[in-house]
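The values are calculated or read from the model by the stated rules, or taken from the named source; none is laboratory data. None of the values given here were measured: they were computed from a predicted structure. For neighbour counting, all protein chains shown are included, and Cβ atoms are generated from backbone atoms with ideal geometry for every residue, glycine included. These area figures cover heavy atoms from the full protein model, side chains too; ligands, DNA and RNA do not enter into them. Shrake-Rupley method; radii C 1.70, N 1.55, O 1.52, S 1.80 Å.
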Amino acid sequence: MKHPRSIDLRTEMSAPFKPARARDASYDLWRLIGDLPQYEIIGGTCAKCGHVGWLDMDMVRKKVGTNLSLSQFQPKLTCQCGNRECNRLMIGTLAR
Ligand SMILES: [Zn+2]
C-alpha cells in the first residue's frame, strides 16, 4: 500500500505561471486530477497564514497520479508555515 504523500505549497512545487482567474474548488471536488484541462491548475489558500500557492500540475501528476479526485487531494496540501488544517483548495484558469 502506498502512503499518501503531502503536497507542499512551497516553491519547488509552484506553478511557472500565475493563473489569470481563480475560484474556490468546492464545486469541483468530484473531478479527477487527470480530468483537469491544460489551462486549469490547482492552488491552495492557507487557513492559518493566508499564503496562496499555485501548483505545477506536471509535478502534481508525477507525485499523486491522475486518478485522485480533488476531494482526496485537498487534505494533502501543506502550507509553508506547516499548517495542514482547513486549507482551501482553489482552481486557477491560465490565460490562453
Ligand atoms: Zn500557512
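Points worth noting:
- Taking every Cα-Cα distance in the stretch 7-93 and sorting them into 5 Å bins from zero, the calculated P(r) comes out as 3, 16, 29, 30, 18, 4, 0 percent.
- Value at 222 nm in deg cm²/dmol, rounded to 500, when DSSP H runs of n ≥ 4 in the chain each add -39,500 (n - 2.57): -3000 deg cm²/dmol
- Probe 1.4 Å, protein heavy atoms only - accessible area per residue of the chain in square angstrom: 62
- In order along the stretch 78-87, the Karplus-derived 3J(HN,Hα) couplings, from 6.51 cos²θ - 1.76 cosθ + 1.60 at θ = phi - 60°, round to 10, 7, 5, 7, x, 6, 10, 8, 6, 5 Hz, and Gly and Pro are given as x.
- Size of the stretch 29-79 as Cα extents on the principal axes (Å, biggest first): 30, 19, 17
- For the stretch 61-93 and the stretch 36-54, distance of Cα centres in Å: 8
- Restricting the stretch 2-96 to GluC sites (Glu not before Pro) in coil, as DSSP defines it, with at most 14 other Cβ within 10 Å: GLU85
- Range in the chain, longest, excluding exposed chymotrypsin sites (Phe, Trp or Tyr not before Pro) [loop by DSSP; at most 14 other beta-carbon atoms within 10 Å]: 40-96
- Expressed to the nearest 5 percent, the antiparallel share of DSSP beta bridges inside the chain is 90 percent.
- Solvent-accessible area assigned to carbon and sulfur over the chain amounts to 52 percent, based on a 1.4 Å probe.
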